[in-house]
1. Could you go through region 149-159 and let me know if any residue there is modelled with pLDDT under 95, under 23 Å from Ala330 (Cβ atoms), surrounded by fewer than 17 Cβ atoms within 10 Å (Cβ to Cβ) and in contact with a helix residue (DSSP H, G or I) (Cβ under 9 Å, 6 or more places away or on another chain).
2. From the set of residues in region 186-212 that are of a type in the set (Lys, Arg) and under 18 Å from Glu137 (Cβ atoms), which is modelled with the highest pLDDT?
3. Tell me, which residue of region 126-148 that is over 16 Å from Lys186 (Cβ atoms) and of a type in the set (Asp, Glu) is surrounded by the fewest Cβ atoms within 10 Å (Cβ to Cβ)?
4. Would region 227-236 turn up any residue that is in the same structural domain as Thr2 (by TED's automatic domain parsing) and more than 25 Å from Tyr168 (Cα to Cα)?
5. Can you spot a residue in region 166-179 that is surrounded by 16 or more Cβ atoms within 10 Å (Cβ to Cβ) and not in a helix (DSSP H, G or I)?
6. Check region 239-249 and report whether any residue there is assigned by TED's automatic domain parsing to the domain that holds Thr106, more than 24 Å from the chain's Cα centre (by Cα) and of a type in the set (S, T, N, Q).
7. Out of Met136, Met118, which single residue is assigned by TED's automatic domain parsing to the domain that holds Phe13, out of contact with any Leu (no Cβ under 8 Å at 6 or more places or on another chain) and touching a residue at least 24 places away in the same chain (Cβ under 8 Å)?
8. For Leu58, state whether it is closer than 16 Å to Pro12 by Cβ, among the aliphatic types (A, V, I, L, M) and modelled with pLDDT of 95 or more.
Amino acid sequence: MTSILIKSFNRPFYLDRCLESIFLNVEGNFSVSILDDGTPKKYLDRIKEKHPNVNIRLSEHYEEKQKLIDEQKEIDGFTIPVKLWKSEVEKSTDYVLVTEDDVWFTQKVNLDELTAEMKKNKSSLIHLGWLGKKDMESAEQSDHPMIQYYDLSDVFSSNQFVMDALIYNKFKLFSILYKLGLVSNKTKTKYWKLNSILMGLWQKEYWLYVWKDSDGKVDEKEQLRNAAVWLNRNKKNKKLIAKTADERMKTTFQSSATNSYHKYGNEFDANRFNRLINEAWYKGEFDPMQNYPADIESGYFEKFLEDDAQIENFRKWVKKFKEVYSNIGANVN
């Protein structure tokens with residue numbers, strides 16, 4: 001049995017897509033739980049109607065955030081339900097797939113096969129997607145046709161004190177090493193092979209270790225530091241971190257749960273956008289699987305917006321969103 005945990009907040013149209021893709025593509029013995037942080041109840045009820053076998057868990061701030069959505073007020077998207085996430089991972093099976101509502105499977109995945117390989121090789125993480133980043137592509141083929149293992153010999157690792165100094169540039173350690181030519185701007189990107197926010201099949205203990213210091217806010221540097229310490233403790237295992245032979249999951253670059261993220265200086269209102277699409281989905285007018293397995297077409301979203309100004313702001317916002325991620329190597333198409 002493998003636990004699939006989906007972090008969710010106020011985008012039931014993408015959550016529905018995520019769930020549909022799971023039941024279309026995921027094979028093996030698994031359970032699905034939604035970890036929700038404020039999606040209005042009527043939408044969660046509809047999700048449960050469509051997908052009766054899923055479990056829904058609510059965060060401690062659920063009622064407060066749902067009320068803000070109902071009152072059309074701003075929401076602090078930086079405050080996250082880490083307590084709920086940790087609790088559910090702790091209760092999960094030995095291997096757990098952690099994803100989010102705006103992510104979906106594009107191809108078949110047999111979780112029983114993958115977790116059997118992880119157990120045999122004492123692997124801590126398999127990436128099922130990596131945003132098309134070229135620096136995540138290179139890996140060594142294994143005996144299993146679907147699994148490739150990362151060569152981590154060039155990823156520096158040490159104890160927590162040293163990694164803390166390096167990642168956070170304490171004592172100007174990173175700056176000094178940079179001047180000596182021992183590190184570069186690409187050094188820290190190597191550590192992302194050790195972590196997966198959206199598309200990872202994890203050994204439970206590893207996920208809990210990476211997130212052990214998180215408390216209500218996301219600190220990606222903290223996660224990378226902890227991952228490097230874990231690597232240091234498991235250096236002898238050449239099959240510690242893996243990826244699938246090709247990507248099996250995708251995400252969107254044209255949606256945001258709140259206005260807290262992806263502020264690009266125009267008047268696009270993510271909350272208003274979500275309110276319109278959520279209602280269209282609830283009424284059965286919006287097809288969450290439109291254009292699947294690729295992302296929903298922007299033009300399809302535009303059919304449900306209210307006026308030309310909103311459409312234009314949406315187009316500008318999506319263009320900037322994609323530019324930002326394209327500049328860090330993601331394939332946004």
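1. yes
2. Result: Lys193.
3. Looking at the filtered set, the residue picked out is Asp143.
4. yes
5. Among the residues of region 166-179, not one is surrounded by 16 or more Cβ atoms within 10 Å (Cβ to Cβ) and not in a helix (DSSP H, G or I), which makes the answer no.
6. Among the residues of region 239-249, not one is assigned by TED's automatic domain parsing to the domain that holds Thr106, more than 24 Å from the chain's Cα centre (by Cα) and of a type in the set (S, T, N, Q), which makes the answer no.
7. Criteria check complete, one pass: Met136.
8. Judged against the criteria, Leu58 is a match.
The values are calculated or read from the model by the stated rules, or taken from the named source; none is laboratory data. Computed from a predicted structure; not experimentally measured. As a convention, Cβ positions derive from the backbone with ideal geometry for all residues, glycine included, and neighbour counts pool all protein chains shown.
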